[in-house]
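Down below is the structure, laid out as C-alpha cells.
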Amino acid sequence: MFGFLKKSAAVDTADEQQQDHLAEISREKITQLEQQLATNPRNGDTQKALMLEYNRALSLFAKSRRYRNDIDGLFVKIDELRNVVRQSI
C-alpha cells in the first residue's frame, strides 16, 4: 500500500547525488576560472565566464544540501568580481 513512498525515496537519493555532482562540477569550473583570472585580472572573457558560472552555481548550490552553506561565499565572490570589472573599465 505504501510502496510508492519507498520508490520516491530512492529517486530522491539519486536526485540529491546528481545535484551534488553538478555542484561539484560547477565548483571545479569556478576554481579553474578563478585561477585564470588571478593570472590575468583584465581578461574580459574570463570575467564574463566566471560571472556566468557563479550565477549557475547559485542555483545548483541551493539544490544541493552538501553545498548549500557555500551560497553566502558565492555572493561575496560575485561582489568581488564586480569590483574587479569596475576597476578594469
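The values are calculated or read from the model by the stated rules, or taken from the named source; none is laboratory data. A quick note: this is a predicted structure, and the numbers were derived from the prediction, not measured. Here Cβ is always computed from backbone atoms with ideal geometry, including for glycine, and neighbour counts include all displayed protein chains. The protein model used for the area step is the full one, side chains on, heavy atoms only, and it has no ligands, DNA or RNA in it. Shrake-Rupley method; radii C 1.70, N 1.55, O 1.52, S 1.80 Å.
Cross-link partners of LYS77 among aspartates and glutamates, defined as those whose alpha carbon lies under 14 angstrom from its own and excluding same-chain residues fewer than eight positions apart: GLU34, GLU53. With protein chains left intact and a 1.4 Å probe, residues in the chain average 73 Å² of accessible area per residue.
The protection proxy used here, the mean number of other Cβ atoms lying within 10 Å of each residue, ranks peptides 14-20, 51-57, 28-34 as follows, highest first: 51-57, 28-34, 14-20. Rounded to a whole number, what % of the accessible area of the chain do carbon and sulfur atoms account for, probe 1.4 Å? Summing carbon and sulfur atoms, their accessible area is 54 percent of the total for the chain. Put a dot 7 Å past the Cα of VAL85, heading toward its Cβ, do the same for LYS48, and the two dots end up 1.1 nm apart. As a rough guide to protection, the peptides 61-70, 38-47 ranked by mean Cβ packing within 10 Å, highest first, stand as 61-70, 38-47. Grab the beta carbon distance between ILE78 and ASN40, set R0 = 25 Å, and tell me the FRET efficiency rounded to 0.05. After rounding to 0.05, the efficiency reads 0.80. Each residue, ASP70 and GLN32, gets one label point 7 Å from its Cα in the Cβ direction; the gap between the two is 1.5 nm.
The orientation-averaged shadow of the Cα convex hull for segment 9-89, equal to a quarter of the hull surface, comes to 5.0 nm².
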